[in-house]
Every structure is written in structure tokens, then in C-alpha cells.
1. How many angstrom separate the Cα center of the range 226-245 from the Cα center of the range 1-35?
2. Could you please state how large a percent of the accessible area of the range 47-140 is carbon and sulfur, counting protein chains only and using a 1.4 Å probe?
3. Restricting things to Cα coordinates, could you compute the convex hull volume per residue of the range 37-172 in Å³?
4. Run the numbers for residue 337 and residue 367: contour at 0.36 nm per residue of separation, minus the present Cα-Cα distance, in nm.
5. What nm distance separates the two modelled labels at residue 80 and residue 62, each placed 7 Å from Cα along Cα→Cβ?
6. Pop a pseudo-label 7 angstrom from the Cα along the beta-carbon direction at both residue 31 and residue 255 and give the gap in nm to one decimal.
7. In nanometres, what is the gap between the two model label sites at residue 98 and residue 308, each 7 Å from Cα along Cα-to-Cβ?
8. Output ³J(HN,Hα) for the range 72-80: one whole-Hz value per residue in order, computed from phi by the Karplus curve 6.51 cos²θ - 1.76 cosθ + 1.60 with θ = phi - 60°, and x for Gly and Pro.
Amino acid sequence: MKTIAYYISDYGFGHAARSVALIRQLLKMEEDVRVIICHSFALHFLRESLKGEHRVTFRTIETDIGYVLKKDSIEPDIEKLNVEYEKYLKKWSSLIEQERNFLQTNKVDFVISDISAFPFEAAYMLGIPSIGISNFTWYTAYQGLVADPLLEPLKGAYEKMTYFFSLAGSKEPDWGMKGTKQFGFFDRNVDGNEVNRIRKLVNPTGEKFVVFFGLGMKIDIEQLQHLPIWDSPNCAFIVSSNVQVQRPNVFSIPKDYIESQHYIAAADLVISKPGWGIVSEAVCAGKPLYIIERQQMKEDEHTISFLKEKRYMCRTINSEKLSEFMIDKQIVKEIKRHIDRDITFTNQSNLIAKEILTKLNATIYELSVSIGGMSI
């Protein structure tokens, strides 16, 4: 049995959701693989998503700090981020040593990280091959937010990836020591029957325009209740369980509902911050996007730029415009005009999982040949 240690960023649910998509594919395609998930923030979500998978085990560990946001905002709090990051750096050496011991004790054959940095250092020390999978790294994400000299530990760790799988919208360096490979969007598989059930629940007459309004599960904005968007004529809204808006035309995703990609697929329009997870699920389902812009976040800029370069139906809204934004007949007409002729993206989870297994099996083969050669 080949063992993969799979590290997932602790920032939000997006990294966890896309990791679930890949882990499901890996387990389906290869019976001789087991996965140790290393994560903390969304561990309950991961356990529920992979319930019944006897080849998956879970380990609670804080993998990174992600972004730190201003109170009741989607904008970064640079001062607090720097405080948290400096605390993180003080633990850096001990984190690497801890992981080195963990990988060795558990006889890990392969390390995958999306996209925590320190596991690459530990894997490199032990000669264990690794893959980084992401549309960004925390090194580039923090540029302009944290002083460059403080980012050197992250840079050094990412340079020790064996391979880097660069996802749609990425503008990262070619980190992989043995190569960088480009991939597109991917998401968890969608069940058409479940999508139809949700559409009937939210829009029983079929006459309303359905909008998925997603700001991410780490966002808590009290002012949302008073936005004029909820009064948009003939519209029904789907929101995350943490969005506290009490309106007859607003439907909250149940807290215990795991497969939120079905709610996105049930919508006619997705309004969201530009987190890669929601964006990917929207474009794989062919849904037009209105993206809420954030300042000083390169990941967001690159994702938006990529969609516009591909001529995907993507509009941007700044925070000021959102405070007065409503969906009128003209917007609905424009969106319906684009739906049939807009560019679509295929779900590449199967392709990425196949490439992971190719790298893993090649590594195992090379190791067996090396050991065989030594015994002669």
C-alpha cells in the first residue's frame, strides 16, 4: 500500500473542497493507495466528504495562517497579518522537524500539498518526492503585504517541490525541481438529479432568476442584511449557511449539507469573492460570474484576469458598487444572452489525479530499481 500525506491549507473551505475532488479520484483510480489528510480548519467537512473511505485517515495539524481580514470585511488586515505571520515564523523550524518525524514514522511515500509550504522542506530532507497543487503560493500571495525578507523561508520551501501542478489563473514561477505542469479548473462531481431537486426547492414555478451569493465561510458581514440586492425583482437567492439574511426569497444552504457544488450548479448567476474554489465550481458548471473585487490580493487579480482573457462571462463589482447593486432586467437579459454561447471549461480532476498517480508509480518504480541495483 502506497502512502500519500496530503496537506491542505487551513484558509477557508476552498482548498478542502478541491482536495476532496482529487482525493476521490485518486481512490477510485488506484486501489493500492492510502491517504493521510493533514489539516485542521475544515476537518469536519473533510471527514464527512470522505466518510466510509477506509483508506483515508485524518491528522489534526495547523498547516498555515492564510489571510487575516478586517472585521466585517473581505479586505486584508495587513497589520494583523504581519503579527500572525511573525508568530508563524517563530515555529517554522519546529514545524519542519515535526513533519520530518511524522513522514518517517508513517513511512510516507509521497507528499502532496495545497499549498502549505513547510511539508516540502520536510519531504526534501528525507528524499520523499512531493507535488504542490495550487493556483498560487503563500509566498506570492503575501508579496506586498509582508516585507520581502520575511518571505524567504516560504520561497525556500516552495523551491523544494519536486513537481508543481499549476492551476487555472496561476502566475507562479516554475517551482517544480523536476517540472511544472499546467492544469485548468476542476471541482467535485455534480449529480444532475440533485441539481434539479434544488432548483425545484428554490424556484418551484421556474419563473425566477436564481442567484448564488457566496462570500466564503470565513466571512461574517453583519451589513449583508441591509443590501438592496435582496430586493431585486423576480430573483431567488442561495447563500452560505453563515450568511444571516432573513428574507422569503433567500435560501440558506443547510449547515450539514456537504456537496455545495450542487447549489452553485442550480443557479443562473454566481456572485462571489474571487476565491478559486467557488469560481472553479461556477465555471465548470457553466455559470456566469459577478466577482466582488478585493484590494491588494494578487490571487484574486490573476483569477479575474484569466477569466477575462478566456472571454468568460465575468464581471467585477467593487465594495462601493455592491452596497447599491441590484439585479435588473438588463442584467438578466445580458446573462441569458451569454449563457448559450459562452466558453466552458471541463472538469480536470480526473486528468490531475491520473498525473499524480503517474508520478507516484514512477517514483516507486525508480526506488525499487535503485534498491535492486544496490543488492546485486
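The values are calculated or read from the model by the stated rules, or taken from the named source; none is laboratory data. If you're wondering where the values come from, they're calculated on a predicted model, not measured in any experiment. Because the Cβ atoms are built from the backbone with ideal geometry, glycine has one as well, and the counts that use them run over all protein chains shown. The protein model used for the area step is the full one, side chains on, heavy atoms only, and it has no ligands, DNA or RNA in it. Shrake-Rupley method; radii C 1.70, N 1.55, O 1.52, S 1.80 Å.
1. Centre-to-centre (Cα) distance: 33 Å.
2. After summing per-atom areas, the C and S share lands at 47 percent.
3. 131 Å³
4. 5.3 nm
5. 1.5 nm
6. 4.1 nm
7. 4.1 nm
8. Rounded to whole hertz, the list is 6, 8, 9, 8, x, 9, 5, 4, 5.
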